[in-house]
Amino acid sequence: MGFFNWFSKKEENNKTTTSQSIEEKYQSILTQLEKHKKTAYLPVVENNPISFSAHSKYGGYPYLRNENDWPVCENCKLHMSLFLQLNLSELPIKKDEGLLQLFYCTNQEEDCESKLEAFFHFSKATACRKINIENHSAEIKPNNITIFKEKRIVDWQPKDDYPHFEDYAIHDVLINLDDDVYDLLEDRQAGQTIVDDKLFGWPYWVQGEEYPFDRKTNSQMELVFQIGESEHIPYMFGDAGIGHLTQSPDNDEELTFGWACY
Ligand SMILES: [Zn+2]
C-alpha cells in the first residue's frame, strides 16, 4: 500500500506533495495515538537473597500460605519455577490486598513447555493466581526445579505507552497506516509500544494480537504485566518471545499467561 502510493505519486512527479502528505498523515496518526496513550510502569530491581517473602519480585521462592501451596506441574509433578510475584499493595496504581503469582514449568528433560503447550493461555504448564497474605509464609524444600535468582522490585518508573499496530483496528485508531508513516513513527520513536517488561500499558504483540477471554463471561482480558526484553528472568520464551499476564475485568481471580515468539 505504502509502496504503491509512493510509486504512483512519483510517477506524477510530485515528490513535494508526497512528503508533505506523509508528514500530515504522521501527525494525524500521532494525534489519534495520543488519545490511546496509557501509562506503563517499568520495574526497578535489586538483587535479593532467595526468601519466602511476600514482596514484589522476579524469581526466588514464592510466598506460600501453607506447605502444599506451591503449584506443581501436571506433567512432571515437580514444583514450578516462580517467574513473578506482585504484592498488590506495592503497585504504583490500582493498589489492592494480596499477591499475584506467576509460575511456569521450565523442566526441559520432561519437555513440559511443548507437551502442555505453555505458550497458549490457560496452559497447565503455568499457574497464575491471586492469593491473600495470611501469616508468615510456609517454608518448604522445593523438589528439583530451577530457582531463578531473586530480584526484588523496589520501584516503578512510569512511561508513556501506545497501542501496538496490531491493536489499532480494534480500538479504531487506524484508518490507513502507510508503511512510510509506520517507518517514520519508528524512526522518531513516537507512538511506540514498550517492548520491555512493564506493569499495565499496552501489550507488545510479536505475532497478531492474542487477547485471551474470561472463561465464564467471555470478556476480553486486560494486561497486568508483560515479560518482554528486559531479561530480569533469565528464560527465553522460544526465540526471543514476549509473554503477557492478563486478568479478567469481571473477576480478578481469572488470570492467565501466554506468550508468542518470532
Ligand atoms: Zn513440568
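The values are calculated or read from the model by the stated rules, or taken from the named source; none is laboratory data. Predicted, not measured: the structure shown is a model, and the values here were computed from it. Neighbour counts are summed over all protein chains in view; Cβ atoms, including those assigned to glycine, are modelled from backbone coordinates with ideal geometry.
Some points to look at:
- In the stretch 63-80, of all residues being without any contact (Cβ under 8 Å) to a residue 60 or more places away in the chain and polar (S, T, N, Q), the one that is nearest to the ligand (Cβ to nearest atom) corresponds to ASN75.
- So ASN144, is it more than 16 Å from the ligand (Cβ to nearest atom) and among the polar types (S, T, N, Q): no
- Restricted to the stretch 12-22, and to residues there that are of a type outside the set (Ser, Thr, Tyr), in a helix (DSSP H, G or I) and exposed (fewer than 13 other Cβ atoms within 10 Å of the Cβ), the residue that is modelled with the highest pLDDT is GLN20.
- For the stretch 99-146, residues that are crowded, with 18+ Cβ neighbours inside 10 Å and either over 17 Å from VAL72 (Cβ atoms) or aromatic (Phe, Trp, Tyr) (or both) total 8.
- Filtered residues of the stretch 228-256 (kept if within 17 Å of LYS57 (Cα to Cα) and in contact (Cβ under 8 Å) with a residue 40 or more places away in the chain): SER230, HIS232, ILE233, PRO234, TYR235, HIS244, LEU245
- Scanning the stretch 81-107 for residues that are out of contact with any helix residue (DSSP H, G or I) (no Cβ under 9 Å at 6 or more places or on another chain) and within 10 Å of the ligand (Cβ to nearest atom) yields one hit, SER81.
- Residue in the stretch 135-148 that is part of a loop (DSSP other than H, G, I, E, B), within 20 Å of TYR41 (Cα to Cα) and within 20 Å of the chain's Cα centre (by Cα) present: no
- LYS57 vs. criteria touching a strand residue (DSSP E or B) at 6+ places or on another chain (Cβ under 7 Å), more than 16 Å from the ligand (Cβ to nearest atom) and among the basic types (Lys, Arg): yes
- Residue check, PHE213 within 16 Å of GLY59 (Cα to Cα) and within 22 Å of the chain's Cα centre (by Cα): no
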